[in-house]
1. Any residue at all in region 291-311 that's touching a residue at least 24 places away in the same chain (Cβ under 8 Å) and in a strand (DSSP E or B)?
2. In region 55-82, what count of residues is obtained for those that are open to solvent by 20 Å² or more (accessible area, probe 1.4 Å), more than 18 Å from the chain's Cα centre (by Cα) and either free of Cβ contacts under 8 Å to residues at least 40 places away in the same chain or on the phi < 0 side of the Ramachandran plot (or both)?
3. Among residues belonging to region 93-148 that are farther than 22 Å from Lys308 by Cβ and acidic (Asp, Glu), point out the one that is most open to solvent (accessible area, probe 1.4 Å).
4. Which one of these is farther than 21 Å from Thr75 by Cβ, within 21 Å of the chain's Cα centre (by Cα), surrounded by fewer than 19 Cβ atoms within 10 Å (Cβ to Cβ) and among the hydrophobic types (A, V, I, L, M, F, W, C): Leu288, Leu295, Leu250?
5. Working only within region 263-285, note down all residues that are β-branched (Val, Ile, Thr) and open to solvent by 10 Å² or more (accessible area, probe 1.4 Å).
6. Would you check which residues across region 166-195 are in a loop (DSSP other than H, G, I, E, B), crowded, with 23+ Cβ neighbours inside 10 Å and among the hydrophobic types (A, V, I, L, M, F, W, C) and list them?
7. Go through region 1-46 and report how many residues are hydroxyl-bearing (Ser, Thr, Tyr) and either surrounded by fewer than 17 Cβ atoms within 10 Å (Cβ to Cβ) or modelled with pLDDT under 95 (or both).
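The values are calculated or read from the model by the stated rules, or taken from the named source; none is laboratory data. Remember, it's a predicted structure, so these values are computed and weren't measured experimentally. Note that each Cβ is placed from the backbone with ideal geometry, even for glycine, and that neighbours are counted across all protein chains shown. Calculation scope for accessible area: heavy atoms of the full protein, side chains included, ligands and nucleic acids excluded. Shrake-Rupley method; radii C 1.70, N 1.55, O 1.52, S 1.80 Å.
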Amino acid sequence: SDEIVKVLHDRIDHGIMGYTNVPEELIQIVQDRLQKLYNWNTEPEWQVWMPGMVCGLNVACRAVGEEGDDIITGTPVYPPFLSAPGNFNRRLNRVPFVNNDGIWRYDLELFKKKMTAKTGLFLLCNPHNPVGRVFTKSELTELTDICLANDTVICSDEIHCELVLSEDLPHIPTATLSEAVEDKTITLMAPSKTFNIPGFGCTFAIIKNTELRNKFKRSMAGIVPDPAFLGYDATIAAFRDSQQWHSDLLAYLRGNRDYLAAEIEKIKGISMTKLEATYLAWLDVRELNLDNPCLHFESHGVGLSDCKPFGTEGFVRLNFGCTREMLVEALERIKKAVE
């Protein structure tokens, strides 16, 4: 937004490029925002700041449990969910999503079955990248009930929480389900996806449980730096001053999503499920029987994300956080590639 750009210019003009602490104003803004958007009462000391979401996922894998423990997640999922456990000698258990009537859901029976006494951590992505789901209160309750029964900590990546496109679906932070769940949850949030400022590396965790928060901080100590000062400034401007830009963005993304869904429906061999959040569409291209879908589309001038790092086969991920003009052109090239 222009507001973010102005704040950054002002900071550069100010000319002092040193270290800084988390601004008090920002701590208050985050606290107020969680209260206003989700009716979630948090305390300033629950906040832990770091320079990225992936870093948060890795710290969570390191902080919870012991080497040799299990970590569970649903697939397909954002690739660092699959790589982080192995970085700390944890064993990853994958629970593939099932497509029920065009809606990707957790297979609860399989989830229960794959949960063991050694499952220290559940990595949850909500809203979900890449399937675009906003999990409902009942879905989240079913998952967290299983976690509570197994004494499993939940790390909830909610980086897309302000990119919900279905107006009838509220984002529900996992930690707000109950006090018991709040006590077992590490919530990861950031302005980076919503306000398109990932290069400024500014992410925060909300961790109520003091023991869990201390373990998390100990796992960061001496390795994970604080965000850079420009990240703090950009975050303040995003959260404090960019509401109009944000609502314009959501309207634009909804238009892009609807256009994309209508056009994909016309292409034989490609389908997509209803997209509830994010600017990422998970396209099913299995019917096309391509050896390498990504390479095929790339050779026709459109770059899509390969599904293999997400833990599955036969899909591509399309980013529609772009101008309509570019999306129209991309779909023309996809049609040519299919023909």
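1. Within region 291-311, one or more residues are touching a residue at least 24 places away in the same chain (Cβ under 8 Å) and in a strand (DSSP E or B).
2. Total meeting the criteria: 4.
3. Asp101
4. Leu250
5. Across region 263-285, the qualifying residues are Ile267, Ile270, Thr273.
6. Once the filter is applied, which keeps residues that are in a loop (DSSP other than H, G, I, E, B), crowded, with 23+ Cβ neighbours inside 10 Å and among the hydrophobic types (A, V, I, L, M, F, W, C), region 166-195 yields only Ala190.
7. Selection size over region 1-46: 3.
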